[in-house]
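Reading through the structure tokens given below for one structure.
Read the figures in this text as sums done on the coordinates, not as results from a lab. As the structure is a prediction and not an experimental result, all values here were calculated from the model. Methodologically, a virtual Cβ is constructed for each residue, glycine included, from the backbone with ideal geometry; neighbour enumeration extends over all protein chains shown.
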């Protein structure tokens, strides 16, 4: 019996039903229609502490992520991600970058690095990319200008790489601040559906 292809979306938006959420739903629905098992994690609903920079998680050698001494839901989130075959990393732009809740999650990914005391720099525990990822972002600025003037997409791609995923495509939705309740354009909807299908088409 074949194991289902699992797609997990990590949503860093503060608003459910907003631009980012709608785009993620389209991606997941398209992947599900192609046979994927899908799930969505709202970071605002999960208890994750701020990284304390204690570096306890970076001291153990090996490919397995380091153990964090903080007691929260981060371990459960990472377990779900590690058991997934593909990821959707999604965040609106706040002050030129990802939201604070997404940044807090990203900072906790230090556990995927080996950095013993005395070493000049950290090393990723796992360099192979056995997962797929798509990045979803939105901005009140036009998409082209936002991508050109910020490092938001690069940060989300780096996040995917640390989690062992290769980014196969990006959906950046511009002019997302035109109304309190904004619908996705037909162009954005079509691309979101294509991304869901693309994840399934590129699966091993």
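Over the residues of the chain, the helix contribution to mean residue ellipticity at 222 nm works out to -10000 deg cm²/dmol, using -39500 (n - 2.57) for each DSSP H run of at least 4. With a ≥ b ≥ c taken as the square roots of the eigenvalues of the C-alpha gyration tensor of segment 1-67, please select rounded if a/c is under 1.5 and otherwise prolate if a/b is larger than b/c or oblate if it is not? Here segment 1-67 falls in the oblate category.
The alpha carbons of segment 63-107 give a radius of gyration and a Dmax of 12.6, 35 Å, in that order. Mind running the shape call on segment 1-117? Use the C-alpha gyration tensor, a ≥ b ≥ c as the square roots of the eigenvalues: rounded below 1.5 for a/c, prolate if a/b tops b/c, oblate otherwise. In terms of gyration-tensor shape, oblate. Peptides 61-68, 190-197, 110-117, ordered by how many other C-beta atoms sit within 10 Å of their residues on average, highest first, read 190-197, 110-117, 61-68.
How big is the gap, in Å, between the Cα center of segment 11-88 and the Cα center of segment 104-162? Going from one Cα centre to the other spans 13 Å. For the peptides 49-55, 9-15, the ranking by mean Cβ contacts within 10 Å, running from highest to lowest, is 9-15, 49-55. Under the rule a/c < 1.5 gives rounded, and otherwise a/b versus b/c splits prolate from oblate, where does segment 110-204 land using the Cα gyration tensor? Cα axes put segment 110-204 in the oblate bin. A full extension of the chain between residue 140 and residue 79 corresponds to an added length of 18.6 nm, given 0.36 nm per residue minus the alpha carbon distance.
The mean sequence separation of alpha-carbon pairs under 8 Å and at least six residues apart, normalised by the residue count of the chain, gives a relative contact order of 27 percent. Extension gain, residue 40 to residue 181: 0.36 nm times the residue separation minus the Cα-Cα distance gives 48.7 nm.
With N counted as the residues of the chain, its alpha-carbon radius of gyration over 2.2 N^0.38 Å works out to 1.02. Counting only alpha carbon atoms, the long axis of helix 19-33 and the longest principal axis of the chain meet at about 90°.
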